[in-house]
Amino acid sequence: MHSARDSSNGFSIRQPVPFVRAGQVKVNISPTLLKHYAQCPHRVRLQYIERVVHPRVYNHFLSQGLIAHDLLRFGATCLKRHLPYPDDAHLFRMANLRVSADEFPTPEACHGYVEQIVRWVRRGPSSLDLQAEVLLVEKFRSRPFGGGDGGSTTSLLFRPDLVLRCKDGDGSFVQVIDYKTGSRFVDDDVGVIARYILKPLLRDLFADPSTARVSYTYVWLEHGVHDDRDLTIEFCEDRWTSITATIDRLYAETAWPPNPTKLCRYCPYNGNACSAYRPESLAELDA
Ligand code: SF4
């Protein structure tokens, strides 16, 4: 890889490189990749094109969220197998097995950490119809998507936390569940991409997949609330234009400029492969 130094900010400028290269067999685009691209093109270059390995940085909240997702997956698998949802004692045991008490200053701190995980996981089923048929539990699904150059094939990729087939007075519908432990922010594009990817599944379930009812539910585990979106065809078509425009920009991108913002604090390349974000900028960003 060729690179040169820009002495004005110490940022390493590399040669232009496209996202999809001629002859490359398959490239997957996930909602997370598109979110990262909107936040900072340079991060996409480092993570998805150059595949720069970053050091593992322990993040207390991320680690808690991963354990919670692990337990939620277990709970959803129980439902899929028609077994009872795990009770609190079971959840505590499972969470304790995934936590190292040595990482905490006191046993109380460790207990508080586990308690919060269990509180989140308990809120998971509260937003579900427990009689619903469990179709998918954290399973990657992809669907080809046209584009790219030189015969490359691109797929849109998505891993839903849970997909249910529910019934109400108007018949059956599909509900996609997305568990979140962070702050409440709804990204409608994720649901639209989910509906695009799940079309083969809808085809198996409904005579006409284009009229099938699909909803996307964000479950905010910290807040104990959920946000539902009806993924009607009109709603999806409306958002689809901007999603494909973003993917077209991604295909056309070669410069991958850095975009230093407060989000750099959470970027694993900050101070590692990327030096665009400078601590002295912090005051400006906080202003
Ligand atoms: S540190 Fe900031 S500017 Fe650099 S890649 Fe990460 S998000 Fe982009």
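Every listed requirement among (1) assigned by TED's automatic domain parsing to the domain that holds S172; (2) over 21 Å from the mean Cα position of the chain (by Cα); (3) surrounded by fewer than 16 Cβ atoms within 10 Å (Cβ to Cβ) is met by A255 save one, (1).
Filter the stretch 204-236 down to residues that are part of a loop (DSSP other than H, G, I, E, B) and β-branched (V, I, T), then give me how many there are. Number satisfying all stated conditions: 1. Summed over the stretch 85-120, residues that are more than 19 Å from L66 (Cβ to Cβ) and outside any helix (DSSP H, G or I) total 4.
Tell me the residue from L201, L250, L263 that is in a helix (DSSP H, G or I) and buried (at least 21 other Cβ atoms within 10 Å of the Cβ), please. Exactly one residue qualifies, and that residue is L250. Being at pLDDT below 85, under 22 Å from Y269 (Cα atoms) and assigned to a helix (DSSP H, G or I) is not true of F19.
Is it the case that S100 is exposed (fewer than 14 other Cβ atoms within 10 Å of the Cβ) and either hydroxyl-bearing (S, T, Y) or not assigned by TED's automatic domain parsing to the domain that holds R165 (or both)? Yes: the conditions hold for S100.
Quickly run through the stretch 154-198 and pick out the residues that are of a type in the set (G, A, S) and either within 24 Å of T244 (Cα to Cα) or in contact with a Leu (Cβ under 7 Å, 6 or more places away or on another chain) (or both).
Matches in the stretch 154-198: S155, G191, A194.
Here is a check on your reading of the model: is R5 away from the ligand (no atom under 15 Å from the Cβ) and at pLDDT 95 or above? Against the criterion (away from the ligand (no atom under 15 Å from the Cβ) and at pLDDT 95 or above), R5 does not qualify. If the condition is being within 8 Å of the ligand (Cβ to nearest atom) and in contact with a helix residue (DSSP H, G or I) (Cβ under 8 Å, 6 or more places away or on another chain), then the stretch 243-267 contributes P258, N259, P260, T261, L263, C267. Taking the criterion of being under 18 Å from L128 (Cα atoms) and either at pLDDT below 95 or surrounded by 17 or more Cβ atoms within 10 Å (Cβ to Cβ) (or both), the residues of the stretch 60-72 that qualify are A68, H69, L71, L72.
Determine, yes or no, whether V186 is away from the ligand (no atom under 16 Å from the Cβ) and outside any loop (DSSP other than H, G, I, E, B). No. Kindly establish whether S126 is at pLDDT 90 or above and small (G, A, S). Criteria not met by S126.
Taking each residue of the stretch 27-55 that is closer than 25 Å to P160 by Cα and touching a residue at least 12 places away in the same chain (Cβ under 8 Å) and looking for partners that are among the acidic types (D, E) and in a helix (DSSP H, G or I) with beta-carbon atoms closer than 9 Å, six or more apart or interchain, yields P31/D189; L34/D189; K35/D189.
The values are calculated or read from the model by the stated rules, or taken from the named source; none is laboratory data. Predicted, not measured: the structure shown is a model, and the values here were computed from it. Neighbour counts are summed over all protein chains in view; Cβ atoms, including those assigned to glycine, are modelled from backbone coordinates with ideal geometry.
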